Amino acid sequence: MKLHIHDTLKREKVEFVPKNPERVTLYVCGPTVYSYAHIGNARPVVVFDVLFRLLRNLYGEAHVVYARNITDVDDKINKAASDQGVDISVITNRFADIYNADMRALGALEPTLQPRVTHNMQAIVRQIQAIMDNGHAYAAEGHVLFDVESYRAYGALSNRSLDDMIAGARVEVAPYKKNPQDFVLWKPSKENEPEWQAPWGAGRPGWHIECSAMIEANLGLPIDIHGGGHDLIFPHHENEIAQGVCAQHSHGVQGHNPAEYARYWMHNGFLNFGTEKMSKSLGNVKLVHEMIKETPGEVLRLALLSAHYRAPLDWNGDLLDQTRARLDGLYGTLRKFADVAVREVVTPAGVLEALCDDLNTPRALAELSALARVLETAETEAARIMAKSDLLAAGLALGILQGDADAWFKAGASEDLTATVEGLLAERAAARAAKNWAESDRIRDALNALNVEVMDGPGGASWKLKVGA
RNA sequence: GGCCUGAUGGCGGAGCGGUUACGCACCGGAUUGCAAAUCCGUGAAGCCCGGUUCGACUCCGGGUCAGGCCUCCA
């Protein structure tokens, strides 16, 4: 099956053809680890996790290399470390671990590589030097700056010209810049801030160079797919391209080809929070770390996948309620057929087709519903085995439905409660066997009072913890 | 000012130039001791104004509204 993706650079949906199908490379911009990740940060993680799963499906697990960096050098990190009087590694290690745990809770697979800036300082220095050697950067007052006018394709990704940008002119003006749009590759550290040695003076890397250098060092240029939030298109990704291309060779009179850096670009849309913006000043920042205490990570994940990744997604309580209800339905089906065997996992064609169409997760979800219905209505055991296998395989492609179905409904129930419920259920089973309906209903009322909902089935009663009670 | 998205039924959200998306909620029926779950079914849409077309939610033009980027940002 052919994968088609929307390429930000070409601004259209194109067929994806990897440079080397034996080694498909994907890079997604990861977090700066100075604080907790919010739910908006999680959208690209979940979206590109689905892409990672799809690529592994199409090209084989061993043939996909997915890198998501950890940025552990940054002003905000410096500030946090200084405020707390600790080394930056104390901050970065702590929040990198929390970040990884939070993303795991959202069902994201671990990337193949998680390069860190501090571990790639030599590669960064090397790439900056290469850009300078190729005549695309210059040193000035301890800084190294990229010379945007030397790179003809600057603006190709974000569709803007240097003239437009000068018109906007909201860029930092500095006397040592040849052009206001020139951006920093290397800068001196302030006093008491960490610094690294470089030929043009001790200091630290600029914002954009880390990604292009880590990509070159860890994945090799060009990579196949580069992803991130669409706010990163400019300036971050635009600058990455300039760096990555110009690090490879001089571009005196030759054409400038952005594809020498990354062959396809994918960007996810933003989350909306009603009329309000999510911001620290409004105090409405939704941290994944906090949300997973209240809501199963799987619900958050599916909610993030409920709209197409490029579309804006309104994030609100209704969305979570509806997603929860949908997941309850799917897990309910799986619980009902818990005893049905599962055969080899092969992603159903309908789901694969939907995902191969620029990661159309809403359509994939529709396929999932159809598969659940097939399982519910299957008339033979063979059909049930096939249907259940399809449903689980479809879930795997999206990173959902892999948990124990019974446990899904009982999540949050203490051992004491479970014991109490099982006891009452045994009494009720006896009452029902004796057709003592009054006693049976009395026990059910008692269970309801415990926030437990009972469901009688042919194989006996099952129960679940009521949500939101 | 420049660039870029989006506007679909009560809600979420896809595809498609002419035929049921799907999910959540609701309603009717089947089933159940009663419920729940499940199944079957009904109802419900395409911001506004033009244009193209035999026919447009779907293409084109204009408008309105909302959001994003241009500065740290998923």
If you put +1 on each Lys and Arg Cβ and -1 on each Asp and Glu Cβ, how big is the dipole of segment A:1-152 around its Cα centre, in Debye rounded to 20?
-> 580 debye
Where a Cα-Cα gap under 22 Å defines reach, which lysines qualify for A:Lys177, not counting those fewer than 8 residues away within the same chain?
-> A:Lys187, A:Lys190
Calculate, in nm to one decimal, what A:Thr295 and A:Lys190 gain on full extension: separation in residues at 0.36 nm each, minus their alpha carbon distance.
-> 33.6 nm
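Could you do me a favour and compute the accessible area per residue for chain A, 1.4 Å probe, result in Å²?
Here the per-residue accessible area is 46 Å².
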Order by protection proxy (mean Cβ within 10 Å, highest first), peptides A:400-407, A:364-371 | A:364-371, A:400-407
Shape descriptors of segment A:312-469 over alpha-carbon atoms, Rg and Dmax in angstrom, are 18.2, 58
Counting pairs of alpha carbon atoms under 8 Å apart in space and at least six apart in sequence, what relative contact order in percent does chain A give?
-> 16 percent
Roughly how many nanometres apart are two label points built 7 Å out from the Cα toward the Cβ at A:Glu453 and A:Tyr36?
-> 2.9 nm
Here FRET efficiency (C-beta to C-beta, A:Lys79 to A:Ala426, R₀ 56 Å, nearest 0.05) is 0.40
Backbone HN-Hα couplings from phi across segment A:285-302 [Karplus 6.51/-1.76/1.60, Hz, Gly and Pro as x] = 6, 9, 7, 4, 4, 7, 4, 6, 6, 9, 10, x, x, 5, 5, 4, 4, 5
How much of the accessible area of segment A:70-221, in percent, comes from carbon and sulfur atoms when a 1.4 Å probe is used?
-> 47 percent
In debye, nearest 20, what is the charge dipole magnitude of chain A about its Cα centre with +1 on Lys and Arg Cβ and -1 on Asp and Glu Cβ, if you could check?
-> 400 debye
GluC sites (Glu not before Pro) within segment A:1-104: which are DSSP loop residues with at most 13 other Cβ atoms inside 10 Å?
-> A:Glu22
How much mean residue ellipticity at 222 nm does chain A get from its helices, if each DSSP H run of length 4 or more adds -39500 (n - 2.57) and you divide by all residues, to the nearest 500 deg cm²/dmol?
-> -13500 deg cm²/dmol
Could you work out Rg/(2.2 N^0.38 Å) for segment A:329-403, with Rg from alpha carbons only?
-> 1.02
Within the accessible area of segment A:293-443 (1.4 Å probe), percent carbon and sulfur = 53 percent
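Output the relative contact order of segment A:175-246, whole-number percent, from Cα pairs under 8 angstrom with separation of 6+ residues.
Answer for segment A:175-246 is 26 percent.
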Over segment A:5-44, what percent of the accessible surface lies on carbon and sulfur atoms, probe 1.4 Å?
-> 46 percent
Pop the C-beta distance of A:Ala433 and A:Asp406 into the FRET formula with R0 = 22 Å and round what comes out to the nearest 0.05.
-> 0.45
Using amide H atoms built 1.01 Å from N in the peptide plane, name the residues 5+ places from A:Val33, or on other chains, whose amide H lies under 5 Å from its own.
-> A:Thr71
Provide the per-residue ³J(HN,Hα) series for segment A:3-8, in order, calculated from phi with Karplus coefficients 6.51, -1.76, 1.60 and θ = phi - 60°, each as a whole number of Hz, with x at glycine and proline positions.
-> 8, 10, 9, 7, 9, 4
If you line up the Cα atoms of chain A on their principal axes, what length do they span on each, largest first, in Å?
-> 91, 52, 38
Report the FRET efficiency, 1/(1 + (r/R0)^6), for A:Val345 and A:Glu141, where r is their Cβ-Cβ distance and R0 is 60 Å, rounded to 0.05.
-> 0.55
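The values are calculated or read from the model by the stated rules, or taken from the named source; none is laboratory data. Predicted, not measured: the structure shown is a model, and the values here were computed from it. Positions of Cβ are backbone-derived with ideal geometry, glycine not excepted, and every protein chain shown enters the neighbour counts. All accessible areas refer to the heavy atoms of the entire protein, side chains included, with ligands and DNA or RNA removed. Shrake-Rupley method; radii C 1.70, N 1.55, O 1.52, S 1.80 Å.
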